[in-house]
1. Name the most mobile residue of Thr211, Thr68, Thr17, meaning the one with the largest mean-square fluctuation, in a Gaussian network model of the chain with Cα contacts below 10 Å.
2. With a cut-off of at most 13 other beta carbons within 10 Å, and DSSP calling the residue loop, which chymotrypsin sites (Phe, Trp or Tyr not before Pro) in region 96-181 qualify? Please list them.
3. Calculate for the chain the 222 nm mean residue ellipticity that helices alone would give, adding -39,500 (n - 2.57) per DSSP H run of length 4 or more and normalising by residue count, nearest 500 deg cm²/dmol.
4. Less than 16 Å from a label point 7 Å out along the Cα-to-Cβ axis of Ile101: which backbone N atoms in region 134-163 qualify, by residue?
5. State to the nearest 20 debye the size of the charge dipole of the chain about its Cα centre, where the only charges are +1 on K and R beta carbons and -1 on D and E beta carbons.
6. I'd like the trypsin sites (Lys or Arg not before Pro) in region 4-83 restricted to DSSP loop residues with at most 16 other Cβ atoms within 10 Å, sorted by number.
7. What is region 91-143's relative contact order, in percent, from Cα pairs under 8 angstrom and six or more apart in sequence?
8. Please figure out what share of the DSSP beta bridges in the chain is antiparallel and state it in percent, rounded to the nearest 5.
Amino acid sequence: MTKIISIANQKGGVGKTTTSINLATSLSAVNKRVLLVDADPQGNASTGLGLSYSDRNPNLYDLIVNETFYQNAIKNTLVPGLDIITANTNLAASEIELANIKKREFVIAKILSKTNSYDFVIIDCPPALGLLTINSLVASNSVIVPLQSEFFALEGISSLIDSIHLIKENFNPQLVIEGILLTMVDKRNSLSSLVEKDVREHFGDTVYKTTIPRNVKISEAPSHGKPAILYDVNCSGSMAYIGLAREIINKQGATNE
Ligand SMILES: Nc1ncnc2c1ncn2[C@@H]1O[C@H](COP(=O)(O)OP(=O)(O)O)[C@@H](O)[C@H]1O
Ligand SMILES: [Mg+2]
């Protein structure tokens, strides 16, 4: 059984791509077969995994236009067991093209129905609630919402949760919130601790016990075209993402019993 997880929050800069790359890598490190789908026209997940522009043909945009490209669109990464469907700026045009397609909410779901050789598919969503994010959520079993531990963390989350409910009601009854992940946590900063307390009071057990610390190694890694876990496995950020993967696998084990 393949589990498809979207990493979504319509705010930019909250850690979606960082979480997609490092969670996918951590799951691969414990011998899971993982496919990362870069669904953001910025293509940051593709860059962060070392795929240059010339390595990105065909990519998600090509698949949206013509799904028969599927096999050729699956690229290996430097992480053993981790494959990727890449993105580049041409994906931005798909927001317009999707609008004219019949069953336009189900295009990515149809593409990903071919992914049965993976344990996990992780979709890195763009910072918007447009058709690419809707398509990703329609294709998914669940969604992880990264929240940056700062004052405006909860701003916008109610419209995201409303969208998730609408998608559940109209297109994908199985969709659940897998978890809320606090990112860029700074334990020395009292505001960061207050935000964490607030989020936990609001969302209870939906919030992962694991939090991701603010860590410079995490932000350096993409410029080397590597996940943090390959760049420095011992840094606090890498350890946190490995812990998150463990928490997700354990939670899954508990619900399957
Ligand atoms: N835990 C972290 N510690 C330090 N920097 C981080 C951390 N997580 C993300 N960043 C940095 O913050 C910026 C935004 O993160 P990113 O994952 O690209 O967010 P999004 O995909 O939501 O836009 C990037 O420059 C990234 O390297
Ligand atoms: Mg991103």
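The values are calculated or read from the model by the stated rules, or taken from the named source; none is laboratory data. Keep in mind it's a predicted model, so treat the numbers as computed, not measured. FYI the Cβ positions are ideal-geometry reconstructions off the backbone, even for glycines, and counts take in every protein chain you see. Just the protein is used for accessible areas: all its heavy atoms, side chains included, with ligands, DNA and RNA removed. Shrake-Rupley method; radii C 1.70, N 1.55, O 1.52, S 1.80 Å.
1. Answer for the Gaussian network model of the chain: Thr68.
2. Details: sites: Phe106, Tyr118, Phe120, Phe151, Phe152, Phe171; in loops: Tyr118, Phe151, Phe152, Phe171.
Sparse-neighbourhood loop chymotrypsin sites (Phe, Trp or Tyr not before Pro): Phe151, Phe152.
3. Details: 12 runs with 108 residues, N = 257.
The helix-only estimate for the chain comes to -12000 deg cm²/dmol at 222 nm.
4. It comes to 134-140, nothing else.
5. Working: 23 positive and 25 negative charges, 81 e Å.
Dipole magnitude for the chain comes out near 380 debye.
6. Passing both the DSSP loop test and the Cβ count: Arg33.
7. Details: 38 pairs, mean separation 23.9, N = 53.
With pairs under 8 Å counted, the relative contact order is 45 percent.
8. Working: 3 of 29 bridges.
Taking every DSSP beta bridge with both residues in the chain, the antiparallel ones total about 10 percent.
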